[in-house]
Every structure is written in structure tokens, then in C-alpha cells.
Amino acid sequence: MGPTSRHILFSVKTFGAGMLALYVAFRLDLGQPGWALLTTYIVSQPLAGAVLAKSAARLGGTLLGAVVAVALVSAFAGAREFFVVATALWVGACLYGSVLLREAPAAYGAMLAGYTAAIVGISAVTAPLSVFDVAVARCTEIGLGILCAMLVNHVVFPQATGGLLRRTVAESLAAARAWAGDVLRGTADDARGLPDRRRLLGDIMTLDTLRLQARLDTPSVRAVDGALRLLQARLFSLLAMLVSIQDRRRLLARDCPERLVALTPLMEDLAERIDAGPDGGEAELAARIDAALPDAAALAGDPARRIEYILVARLGDVLRLERDMRRLVAGIRRGETVSATGPGPAPGRFRDHAQALVGALVVACGICVAAAFWIGAGWPQGGSAVLQVAIICSFMATQDNPAAGAMLFFLAGVVALVVAGIYNFVIFPAISGFVPFVFVLGLFLVPLGLFMSNRRLAPLVTPLILATVVVLGIGNRRDVAFDAFVNGGVAILAGTGFTVVAFRLLRPAGVEWTVRRHLRAIRRHLGALATERGPADRGRFETRMFDHLNALITRLGLADLGHRAVLLGALAALRVGLNILLLRRERIALPPDHGVVVDRALDALAGHFTGRDGGDPIAALDAATDRLAGSEGGLPAEAVAVFVALSGIRTSLAEHAGFFGLTTSPTQSAQAEVAPC
């Protein structure tokens with residue numbers, strides 16, 4: 001697909017903002033006008049709200065980094081080796097915080113604070129008295145680039161984030177309803193449906209970022225901010241309900257198809273209502289769902305009815321969620337605040353301490369080793385190589401295969417060195433004046449800029465643009481010495497190449513390492529849920545689990561049967577966690593003798609998920625359900641929800657024994673004892 005009008009507009013606007021920044025920098029006689037141009041290309045985004053958010057983070061990070069650089073150079077003016085160590089520790093600490101935070105723009109600001117200190121400090125460490133001037137110049141140049149990017153993006157055909165937010169909400173709702181229809185009609189297929197779920201999860205996960213950006217450039221969004229958060233929470237809950245329904249459908253189809261046939265008309269009617277919208281028959285449908293719930297005696301006597309109970313209960317949840325979402329969407333369209341029960345999505349991001357620590361260690365060690373070569377060899381341009389290590393290690397820290405990303409920067413540097421050489425020694429000497437300068441530079445930057453907003457091509461094009469601007473070394477004087485140009489280019493390539501080697505030696509490569517960390521984190525979350533007593537935040541757990549699911553779905557090959565088993569196991573873990581939350585909530589209403597066996601089951605689950613010896617979780621779950629089912633006078637009404645949750649956890653563990661770390665798949669006694677249906 002070729003560039004669209006949106007891509008053309010973005011490229012022209014970004015180039016225009018860069019040239020405006022360059023013109024002002026030339027008039028102010030700033031030391032390195034190229035930094036103003038570079039900044040416009042870094043902060044420019046297709047949406048005005050995204051530019052504001054990224055610009056604020058970059059400005060804040062730059063100011064903090066500059067202050068730290070001045071302090072470090074002042075403290076270690078006569079001891080360059082100690083300055084390098086202190087700078088490496090600062091960059092590593094900032095990168096650790098950036099990887100851990102994850103949310104833009106806070107994570108971006110933390111990263112900037114790190115490598116800005118390296119940029120300013122290394123530039124001035126050999127002349128400590130100039131450090132304040134260097135810091136002020138760098139902040140001025142970056143601030144100028146930010147100001148020009150913001151001005152152009154908000155004056156020239158501004159693209160508000162609110163429009164994209166509304167489209168994403170509409171597409172997410174349509175995709176969720178389509179998936180609901182497939183699940184309820186029994187036409188959902190894991191192999192075909194997982195790519196659609198990948199897109200849906202990705203859209204829902206980005207709603208928070210779009211909402212925060214839209215608040216900056218779309219006033220109407222601020223009025224419905226609460227409703228948008230509630231809608232996102234409802235979408236998360238709907239996905240959890242659909243996962244549960246699909247799995248229970250599969251179990252009934254396998255072990256008790258007659259019960260599934262009996263429920264099919266009810267599920268199809270619910271699917272029709274979701275497709276058609278409100279038609280006044282909601283109360284009747286809700287009554288039919290309630291009437292289809294098996295009673296306590298049926299649950300105690302027939303294990304298959306427990307699966308049926310969960311399926312029917314989830315149908316009721318879907319009906320209520322769908323009604324609530326329609327109310328929220330109607331209010332958002334009218335720009336009104338809609339009252340709704342239940343919390344919005346709580347912060348539930350996965351904080352990956354392992355990845356953050358590894359990234360911090362790589363950048364700190366890389367800076368120290370590269371600086372040792374710089375100092376030991378007495379290489380005048382060695383500081384530029386150290387800067388490349390700090391910058392590229394920071395940018396690549398969250399990649400699954402950072403060495404490959406660093407290699408792209410290396411290749412971009414090679415091409416940029418050739419392009420910049422042609423400009424500096426062939427084109428620029430043949431022209432005079434700012435207008436011809438803008439024209440010849442636009443011949444390169446505008447066509448490449450067409451692909452900066454293309455998700456697939458941006459990782460290839462953006463490094464080339466940034467590297468070219470850096471290597472060009474645009475200043476107020478055009479007389480570039482050939483030897484200085486070559487030495488500078490070699491230093492950049494050397495630093496980038498060193499980064500590739502550092503990643504290959506120090507950073508575990510590949511997707512599997514990332515996947516294993518997410519799987520361990522999922523089990524730890526389940527263990528923590530089972531360990532705690534009392535009520536818990538369901539929204540926080542759901543958002544955290546969907547964060548894991550989004551990470552897994554975007555990384556695993558959906559056609560691979562092993563990977564598909566991991567994804568299905570992660571979806572089962574979501575259901576296990578929700579059932580544990582239900583046990584914690586309902587446990588307090590149980591008589592003491594019933595509460596004891598539930599606690600034992602939770603302790604066994606906690607021990608298993610955290611790696612402690614807590615006993616056999618399957619045996620503990622069976623003991624708890626047997627105790628509740630064998631109560632004098634039958635299964636108590638107040639224990640029905642607990643009884644069903646215990647059965648649901650047991651079913652999920654049995655169906656996904658490998659994922660949950662069970663050495664052998666336990667005998668599915670809940671199915672072996674089923675009476676003829």
C-alpha cells in the first residue's frame with residue numbers, strides 16, 4: 001500500500017517544523033542547530049495530543065538530565081573515570097525506571113533524563129568550565145525543536161486524538177460483539193479467532209493512552225473521561241466472560257452434549273440481542289437465564305451441572321455487561337457523564353523487574369567498557385561512541401531481540417554516513433542561502449518521512465532519518481573538515497557496533513525468555529490471590545491479566561500448537577483467578593466448618609503457584625467440593641457460588657495441566673461421575 005494523504009501531510013508538517021526550528025536556531029546562532037531539527041523528528045506524531053504528551057516528557061527529561069550532568073561534571077571534574085561510573089549508574093537507574101514504568105510519557109521522560117545526562121556530561125567533561133553553557137545550549141535547542149513541533153501540529157491541519165479514540169472505541173465494541181456472537185453460536189475457533197483477539201486486546205489496551213492524549217487536544221473527551229474508563233473496564237470483563245463461556249461450551253460438547261443442545265436456543269437468543277441492540281425483551285431474556293440455572297440439589301448430585309451452571313451464569317453477566325456498555329456509549333456520544341456502578345480499570349500493568357534490571361546492567365556495563373576504550377586509547381572522538389551506547393541501549397531495552405534492533409541502527413548509520421558525505425561535500429558547497437538548503441534537504445527527508453507513521457516501515461525508516469541528521473552535523477558554518485567528518489562517523493558506527501555486541505553477549509535473546517517471564521508472573525499473581533484473605537480488586541486483576549495476554553498474543557505464533565496451548569492456558573489462568581476472587585469474596589458468609597475446607601483449598605493453590613509445598617491442589621479442591629456437597633440437608637444456598645467456583649478451578653487445572661505445572665493430567669472425576677444426560 002502506498003503513502004496516503006495522511007502520511008503525506010504528516011511528513012510535510014514534520015519537515016516544516018524542522019525547518020522552522022533550524023531557521024530560528026540559525027538566527028539565534030545556537031551552537032548545534034541540528035539538535036533542534038533532530039528533536040522535531042523525535043517528538044512529531046500524527047496526532048496533536050501525542051505530540052503534547054511526548055514533548056512534555058522530553059522537555060522534563062532533558063531538563064532533569066541536564067541538571068544531573070552539571071552536578072556530575074562539577075563533582076568529578078578532575079576524575080573522568082569516576083564521572084563515567086557515576087554517569088553509567090545514573091543512565092542505568094533511569095532506564096530501570098523507564099522499563100518498569102512502561103506507561104508513556106512517564107517512561108519516555110525517565111529514559112531521556114538518563115541519556116541526556118550522558119550527552120551533556122560527556123560533551124563537557126574534558127572542559128568542565130563549559131558544562132553549564134553546554135547544558136543551557138542543549139536545553140535551548142531541544143526546547144526550540146519541541147516548540148516548533150507543537151506549533152506546527154496544532155496550527156497546520158491539526159489531527160485531534162479524539163477522532164481516533166472514538167474510532168477505536170467503536171471498532172473495539174464491534175469486534176467484541178462479533179466475538180460474543182461467535183462464542184454464543186458456537187462458531188468461534190481458536191486458530192482463526194486468535195488473530196482477531198490479538199487486534200481486539202491491542203485496541204483495548206491502547207484506550208488508556210489514547211484517552212490521556214485526547215484529554216490534551218479534544219475538550220469534549222474531558223467531559224466523558226469517567227465514562228470511557230468505565231467502558232474500558234466493561235470490555236475487559238466482557239472478554240473474561242466470553243473466555244469462560246467458550247471453554248464451558250467445549251467441555252459440555254465433549255462430555256455432555258445433550259445439556260449443550262438444551263442451552264443452545266438461549267445462547268442464540270442472547271447473540272441475536274447483542275447483534276440487534278435493545279428491543280425491550282431484556283427482562284424476559286434475563287428471567288429465562290435465571291430459570292436455566294441448575295438448583296443446589298442438581299449441582300451436588302451431578303458434576304456436569306456445575307459446568308452448565310457456570311456457563312448460564314456467564315450468560316447473565318454478558319447480558320448485563322452489554323446493557324451497561326450501550327448506556328455508556330450513548331452517554332459518550334452525547335458528551336454526557338453517565339452514572340454506572342462498578343469501578344473503572346485499576347492500574348494493573350505488569351512491572352517487569354527482570355527486564356528492567358537486565359536493561360540497566362547492559363547500558364551501565366556498555367558505557368563503562370566503551371568509555372574505558374575511549375580513555376585508554378586517547379581517542380578524541382571516543383565520547384561520541386559512548387553516547388551511541390547510552391542512547392541505543394536505552395531505546396532498545398524493551399525489545400525482545402535488542403541486538404537485531406541495534407543492528408538496524410548500525411546499518412542506518414552506514415547509509416547515513418554516505419548520504420551525509422554527499423550532502424556535506426557535494427551538495428551543500430554548491431548552494432548558497434537558506435531556501436536552497438531547505439529544498440535540497442527536503443528531497444531526502446520528505447520522501448522518507450512518508451513512512452514514519454507506517455507501523456511496519458517506521459522501525460526501518462526512523463533510524464535512517466535520525467542517523468542522517470546526527471551525522472550531517474548541521475551548524476552555522478558549512479566548512480566541514482573531511483577528517484573530522486570521517487572520525488565522527490566512525491565513532492558513531494563504532495558505538496553502535498559495540499552496542500550490538502553488548503546485547504548479544506549480555507542480554508538473553510528471543511521471544512521465549514519474555515514469554516517465560518510472563519508465565520511465571522501469571523502464576524505468581526494467582527499464588528498471591530490465593531494467599532490473601534478478604535475482598536480484592538477484580539478490575540486490577542483483570543487489567544493485569546489482559547496485559548499479560550496482550551503480550552503473549554503479540555509474540556507467540558498462533559499456528560504453532562505448543563504456542564496455542566500456552567495462550568489457552570493463560571486464558572484459563574484468567575478464569576482461575578476470577579474464581580479465586582469469588583472464593584475470597586464469598587468465603588466470609590460460609591459456616592466455620594465449610595470455610596476451613598475452602599481455606600485449605602486456597603492454601604494448596606497458593607503453595608502450588610508459588611512453588612511451596614502446599615499439598616495437592618486437585619485433592620484439596622475435590623475435598624472441598626465433597627465437603628460442601630455432603631452437607632447435612634444438601635448443598636446450602638449460601639455455598640452455591642463457592643461450590644461452583646471450586647469446581648471451575650478444578651476443571652481449568654485439569655484441562656490445562658501442563659500450563660499450570662501439574663506433572664500429570666488429573667483424572668477428571670467431575671466428568672467420570674456424570675450421570676447419563
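Laid out as a table, the results:
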item	result
Rounded FRET efficiency, nearest 0.05, which uses the C-beta distance separating Ala484 from Val24 and R0 of 22 Å	0.25
The range 511-672: relative contact order as a whole-number percent, Cα under 8 Å and 6+ apart	25 percent
Separation in nanometres of the label points that stand 7 Å from Cα toward Cβ, at Asp537 and Asp295	4.2 nm
Rough spin-label spacing in nm, given labels placed 7 Å along Cα→Cβ, for Ser432 and Ala528	6.8 nm
Residues Arg222 and Ala283, FRET efficiency given R0 of 41 Å [Cβ-Cβ distance, rounded to 0.05]	0.70
Using distinct alpha-carbon pairs, which all enter the 1/r mean, Kirkwood radius of the range 511-672 in Å	16.2 Å
Phi-based couplings in Hz for the range 421-427 (Karplus 6.51, -1.76, 1.60; Gly and Pro marked x)	x, 4, 5, 5, 10, 10, 7
For the chain, convex hull volume per residue from C-alpha positions, Å³	167 Å³
Footprinting exposure proxy for Thr126, Thr161 (fewest neighbouring C-beta atoms within 10 Å first)	Thr126, Thr161
Environment charge of Arg229, counting only residues whose C-beta is closer than 9 Å and scoring Lys/Arg +1, Asp/Glu -1	-1
Highest average packing first - 572-582, 267-277, 212-222, 53-63, Cβ atoms within 10 Å	572-582, 53-63, 212-222, 267-277
Quotient of Cα Rg and 2.2 N^0.38 Å for the range 65-118, N being how many residues it contains	1.17
Gained length - Val446 relative to Val415, 0.36 nm times residue gap less alpha-carbon distance	9.5 nm
Between the range 469-498 and the range 3-82, the alpha-carbon center distance in angstrom	19 Å
Ranked packing of 307-316, 413-422, most packed first, by mean Cβ within 10 Å	307-316, 413-422
Radius 11 Å from Cβ of Met325, net charge of other residues (Lys, Arg +1; Asp, Glu -1)	+4
Extension gain from Thr610 to Arg351, taking 0.36 nm per residue of separation minus the Cα-Cα distance	91.5 nm
Ellipticity estimate at 222 nm from DSSP helix runs (n ≥ 4, -39,500 (n - 2.57)) divided over the chain, nearest 500	-26000 deg cm²/dmol
Rough spin-label spacing in nm, given labels placed 7 Å along Cα→Cβ, for Ala372 and Glu258	7.6 nm
Residues Cys256, Cys94, Cys365, Cys393, sorted so that the one with the fewest Cβ neighbours within 10 Å comes first	Cys365, Cys256, Cys94, Cys393
Magnitude of the charge dipole, the chain, Cβ model with Lys/Arg +1 and Asp/Glu -1, debye to 20	1340 debye
With Cα atoms, 0 to 90° folded angle of helix 482-506 axis to the chain main axis	20 degrees
Length added when fully stretched, Arg333-Arg320, from 0.36 nm per residue minus Cα-Cα	2.6 nm
Highest average packing first - 7-14, 617-624, 456-463, Cβ atoms within 10 Å	617-624, 7-14, 456-463
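Taken together, the values in this text are just the output of simple stated rules run on the coordinates, not laboratory data. Since the structure is predicted, the reported quantities are computational estimates derived from the model, not experimental observations. Note: ideal-geometry Cβ built from the backbone for every residue, glycine included; neighbour counts use all protein chains shown.
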